[in-house]
Amino acid sequence: MIIDSHVHCFPDRLAPRAVETLKTASQGLISYSDGTLKGVLASMRGSGVDVSVICPVATNPAQTGKVNDFSIAINKRDDIVALGAVHPDQRDWESELRHIKDAGLPGIKLHPEYQSFHVDEPRMMRIYETCVELGLVIVFHAGIDLGYPDSVRCTPRRFRRVAERVDTSRFVLGHMGAWRMWDEVEEHLVGLDVYFDTAYCFGHMDREQFLRMVRRHGTGKILFATDSPWKDQGEYVRALQASGLEPGEFAAVAGDNAAKLFGVKTGADR
């Protein structure tokens, strides 16, 4: 089974504007689908991806209700796992997290740049601790974001401080720990009890460094991911196949780890 652990899509009426806005903000970012659920499903059929994990971001507190309604609606499919969203500035973040849990969503996505917080701020610890209490996964954007090249709010050093205070065993650092900060990831994060995903990494990081990080960190804590629609799912499946992982390592990274983390049904259970 191949599970793409880091995918973005939007409600049909919002997708065209959202995709164009992000492409403009990121200075020429290419979109490989139209950003709709239908587009995700078409991409999956053409790439061999069995399940996609949708990672929404609420860019202001007022968005969270509608974002989570959309996630709850699409989470009913066997081939889609949808995360929820909270915004650090919303007053009712705790009740929103409990709503996410009660609705059957396995976790949330947080984006320090788009939500204007540093990952190690004291106010964020309460959110992390509540997620741990509820058993919710947190997927973080980590490292540089093309839309915010001069602002990095989730650095390896900052996340190390989080890991010293909170149980991070169900946290996921996108982009192999921190995009384009992989030397610092190796120094500060490799070996900690936290997941890394491969979103937007193939073609940007050295193959030898990728394999070294996977094996030093442990193949049980690496998740295949693309960042679709910003990367092509089929291209990334082929890149993972050509990465040099051994068969057992490949199976763990391609889908087994994500199935356990996100509660994806496998085999006869699907």
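The values are calculated or read from the model by the stated rules, or taken from the named source; none is laboratory data. The model shown is predicted, which means the values in this text are computed figures rather than measured ones. Virtual Cβ from ideal backbone geometry, glycine too; neighbours counted across all protein chains shown. These area figures cover heavy atoms from the full protein model, side chains too; ligands, DNA and RNA do not enter into them. Shrake-Rupley method; radii C 1.70, N 1.55, O 1.52, S 1.80 Å.
For the range 120-270, calculate the relative contact order in percent as a whole number, restricting contacts to Cα pairs under 8 Å that are 6 or more residues apart.
Over the range 120-270, the number comes to 18 percent.
Only four residue types carry charge here, +1 at the Cβ of Lys and Arg and -1 at the Cβ of Asp and Glu. Report the dipole size of the range 57-173 about the Cα centre in Debye, rounded to the nearest 20.
With only Lys, Arg, Asp and Glu charged at Cβ, the dipole is about 160 debye.
Would you kindly derive the ³J(HN,Hα) couplings of the range 50-56 from the backbone phi angles with the Karplus curve 6.51 cos²θ - 1.76 cosθ + 1.60 (θ = phi - 60°), listing them in order in whole Hz, with x for Gly and Pro?
So the J values, rounded to whole Hz, are 8, 9, 10, 9, 8, 10, x.
Around residue 195, under 11 Å between beta carbons, what's the net of Lys plus Arg minus Asp minus Glu among the other residues?
+1
With every protein chain left in place and a probe of 1.4 Å, what is the accessible surface of residue 93, to the nearest 10 Å²?
Taking all protein chains as shown, residue 93 has close to 30 Å².
Using Cα pairs closer than 8 Å and at least 6 residues apart in sequence, work out the relative contact order for the range 204-270, in percent.
About 37 percent, as a whole number.
Excluding residue 155 itself, calculate the net charge of residues whose Cβ lies under 14 Å from the Cβ of residue 155, where each Lys or Arg counts +1 and each Asp or Glu counts -1.
-3
Using heavy-atom solvent-accessible surface (probe 1.4 Å) with all chains present, what is the largest-first order of 150, 79?
150, 79
Can you list residues whose amide H is under 5 Å from residue 84's amide H, if they're 5+ apart or on another chain and H is modeled 1.01 Å from N?
107, 108, 109
Could you tell me the accessible area of residue 130 in Å² (1.4 Å probe, neighbours in place), rounded to the nearest ten?
Surface accessible to solvent at residue 130 totals approximately 10 Å².
Rounded if a/c is under 1.5, else prolate if a/b is larger than b/c, else oblate: which is the range 1-154, with a ≥ b ≥ c the root eigenvalues of its Cα gyration tensor?
Since a/c reaches 1.5 but b/c is at least a/b, the shape of the range 1-154 is classed as oblate.
Give me the one-decimal nm value for the distance between modelled label points at residue 129 and residue 17, 7 Å along each residue's Cα-to-Cβ direction.
Here the modelled spin labels are 3.9 nm apart.
Gap in Å between the Cα centre of the range 137-205 and the Cα centre of the range 1-58?
So the two Cα centres are separated by 21 Å.
Once you order the gyration tensor axes a ≥ b ≥ c over the Cα atoms, which shape class does the range 213-270 get: rounded for a/c under 1.5, otherwise prolate or oblate by comparing a/b with b/c?
Oblate is the answer for the range 213-270, as a/c is 1.5 or above yet b/c matches or exceeds a/b.
How much net charge surrounds residue 62 when only the other residues with a Cβ under 15 Å from the Cβ of residue 62 are counted, with Lys and Arg +1 and Asp and Glu -1?
Every neighbour counted, the sum reads -2.
Quick check on the range 132-171: take the gyration tensor over C-alpha atoms, sort the square-rooted eigenvalues as a ≥ b ≥ c, and tell me if it's rounded (a/c under 1.5), prolate or oblate.
oblate
Given Cβ point charges of +1 (Lys, Arg) and -1 (Asp, Glu) and nothing else, what value in debye, to the nearest 20, does the dipole of the chain about its Cα centre take?
For this selection, approximately 260 debye.
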